[in-house]
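This report concerns only the one structure given below.
The values are calculated or read from the model by the stated rules, or taken from the named source; none is laboratory data. Predicted model only: the values in this text are computed from it and were never measured. Cβ coordinates were reconstructed from backbone atoms using ideal geometry, including for glycine residues, and neighbour counts include every protein chain displayed.
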Amino acid sequence: MEWLQTEKGKLYQRKYQYFKRMKIKREIFELLGGKCAKYGYTGPVLQIDHVNDNGNREGRSCYGYWFKVLRKIRNGSKDYQLLCANCNWEKELERRKKIYGNEYEEV
């Protein structure tokens, strides 16, 4: 285990965790249809969206977050969808307008 404390070992751990997350996210993308739920875009800028805008409450920083999302989707949860970056940002702007009212100006 001393090897894992070396720079090479730490780099190995980061790469391993990255590829593990990417594998889980690929499966999530496949289960959610692989395209933007709004317009059907299939390019590289797809994002996983919380349908009910509860992403902050779920806590993305917690250990095993993507695995928990994958498990929920496998169990039939409809709380997630894929959106392209533009659609996701438009949804966020609409959410902010509801919270802040007409005072909120787009930049």
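Select from the stretch 1-50 the residues that are under 21 Å from residue 84 (Cβ atoms) and among the polar types (S, T, N, Q) and write down the one among them that is nearest to the chain's Cα centre (by Cα). Walk me through it before giving the result.
Of all residues in the stretch 1-50, those under 21 Å from residue 84 (Cβ atoms) come to 21-22, 24-50.
Now drop any that are not among the polar types (S, T, N, Q), which leaves 42, 47.
Working: 42: 16, 47: 6 Å.
Within the stretch 1-50, the match that is nearest to the chain's Cα centre (by Cα) is 47.
Scan the stretch 76-95 for residues that are acidic (Asp, Glu) and either farther than 14 Å from residue 37 by Cα or exposed (fewer than 13 other Cβ atoms within 10 Å of the Cβ) (or both) and the total you get is 2. Among the residues of the stretch 50-78, the one identified as of a type outside the set (Gly, Ala, Ser), within 20 Å of residue 90 (Cβ to Cβ) and either at pLDDT 95 or above or part of a helix (DSSP H, G or I) (or both) is 56.
Sort out which residues of the stretch 1-38 are part of a loop (DSSP other than H, G, I, E, B) and surrounded by 11 or more Cβ atoms within 10 Å (Cβ to Cβ), and write them in order of number. Quick ask: steps written out before the conclusion?
To start, the set of residues in the stretch 1-38 that are part of a loop (DSSP other than H, G, I, E, B) comprises 1, 6, 32-38.
Within the stretch 1-38, 32, 33, 34, 35, 36, 37, 38 meet the criteria.
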